[in-house]
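Since every read-out is calculated from the coordinates, none of them should be taken as a lab result. Keep in mind that this is a model prediction, so the values were computed, not measured. Quick reminder, even Gly has a Cβ in these numbers, built from the backbone with ideal geometry, and neighbours come from all protein chains shown.
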Amino acid sequence: MTVSSELDRRFRESAAAEGLLDVAYDLADTPVGALLLAATPEGLCRISFDPEPERELDVLARAFGARVLRSPRPLEEARRELDEYFEGSRRDFDLRVDLRALPVFQRTVLAELVRVPFGAVETYGGLAARIGRPRAARAVGGALNRNPVPIVVPCHRVVGSTGSLVGYAGGLARKEHLLAHEGALLR
Amino acid sequence: MEAVAIPPFERFYEERKDELFGYLARLLGREAAEDAFQETFLRALRAYGRLEHGQHLRAWVFTIATRVALDERRRKVPAGEPVEIPVGDSRPAYAELEHLAGELPATERAAVVLRYGYDMSYDDIGAALGSSPEAARQAASSGVRRLRRRHT
């Protein structure tokens, strides 16, 4: 016997409303494709360009706890801010992000990265210098590559010293799209 | 032996929700099963973070559902009153019996449905009813005897 979509929706909503979830997630359609959004009670913890939840569920459960459930309500604010960003009415995100699970070095890199404003770019070496580790450009690249909340924590704003896009976990086409959207493409 | 990992709740819920809803509908009727379904999975979710391994999750959630259903019947339905029994599922022999089980006392009914509808072991049924496996076996067989007395 099949559970009605209404009953299913009610359960998912109550589970979040009663504060029983370690992680809530949902999918969002954006100009750079379908995204998987996930949040803990502390804030947004994941934006994945791979909208196939199966692969992401285990990763989330290992990092934050097994009570992972699809539930739209806790992601509403993230969805709204992303919509506004892609519509062009938002330049900075006000969302809280949850980066507790990350190593200290990566948190340091990402905390500095959010100071690179909409429309600007920084180089890997430049970002390394800004955190006082001028020779750690490669390690900075690694930390950005594993950024759990791309777009909101804007790793697309970091480019090579010659202005080349270099790389992006979501693929170079997305990086180019985001930089063009922000009016920051160098050529 | 390595402990079975606890799956993300989403996967566990998706895997079990239809089966559990069917079970609750058998015990309570479709309408009352909706509230019981919600209560069952909220209770499961509350306890889920404290599980130590992912073994026997099916029996575990059936136990929760059984307790929710027994509470519900004690609270609402006068003992022995027949409830709507949804038919369906691929168990013809049991299906013939099933429409009669609504007349049984709550515990016997749960024991009969778990044993013959879901093929649960008496160990698991005992756990679900909060009794011993032997008491579960007795509840199921006394339920079946009662059905035979009434309907043959």
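For a quick check: with amide H placed at 1.01 Å from N, whose amide H comes under 5 Å from A:Thr123's, ignoring anything fewer than 5 positions away on the same chain?
When sequence neighbours closer than 5 places are left aside, the close amide H contacts are A:Val159.
Between the stretch A:10-39 and the stretch A:111-187, what is the separation of their alpha carbon centroids in Å?
A separation of 27 Å, based on Cα centres.
Which far-off residues, 5 or more places away or on another chain, put their amide H under 5 Å from the one on A:Arg70, with H placed in the peptide plane?
A:Tyr25
Per 5 Å bin from zero, what fraction in whole % of the C-alpha pairs of the stretch A:1-42 is there, up to the bin with the longest pair?
Going out from 0 Å in 5 Å bins, the stretch A:1-42 shows 5, 18, 21, 19, 19, 13, 4, 0 percent.
So what J values fall out for the stretch A:164-175 if you push phi through Karplus, 6.51 cos²θ - 1.76 cosθ + 1.60 with θ = phi - 60°, rounded to Hz, Gly and Pro as x?
My calculation for the stretch A:164-175 gives 6, 6, 6, x, 7, 4, x, x, 5, 4, 5, 4 Hz in order.
Return the inverse of the average 1/r over all pairs of distinct C-alpha atoms in the stretch A:5-87, which is the Kirkwood hydrodynamic radius, in Å to one decimal. Mind dumping the intermediate values first?
Working: mean 1/r = 0.0772 Å⁻¹.
About 12.9 Å, per the Kirkwood formula over Cα pairs.
By average Cβ neighbour count within 10 Å, what is the ranking of A:129-142, B:128-141 from highest down? Walk me through the intermediate numbers first.
On the way: A:129-142: 15.4, B:128-141: 18.0.
With the highest mean Cβ count within 10 Å placed first, the list reads B:128-141, A:129-142.
Can you compute the radius of gyration and Dmax for the stretch A:45-151, using only the Cα atoms, both in Å?
Cα only, the stretch A:45-151: 15.4, 43 Å (Rg, Dmax).
Using the Karplus curve 6.51 cos²θ - 1.76 cosθ + 1.60 with θ = phi - 60°, work out ³J(HN,Hα) for each residue of the stretch A:66-74 in order, rounded to whole Hz, and write x for Gly and Pro.
Per residue, the Karplus-derived 3J(HN,Hα) values read 6, 7, 9, 8, 5, 7, x, 3, x Hz.
Which Rg and Dmax, in Å, describe the Cα atoms of the protein assembly as shown?
26.6, 89
Quick one: what are the phi-derived ³J(HN,Hα) couplings along the stretch A:35-46, Karplus 6.51/-1.76/1.60 with θ = phi - 60°, whole Hz, x for glycine and proline?
10, 9, 10, 9, 9, 9, x, 7, x, 5, 10, 7
In a Debye calculation with equal point scatterers on the alpha-carbon sites of chain A and no solvent, what is log10 I(q)/I(0) at q = 0.16 Å⁻¹?
-1.00
Counting only other chains, what is the mean number of Cβ atoms within 10 angstrom of the Cβ of each residue in peptide B:54-60?
On the way: counts 1, 0, 0, 0, 0, 0, 0.
The per-residue average across the peptide is 0.
For chain A, what relative contact order do you get, as a whole percent, if you take Cα pairs closer than 8 Å and at least 6 residues apart?
Details: 261 pairs, mean separation 32.8, N = 187.
Answer for chain A is 18 percent.
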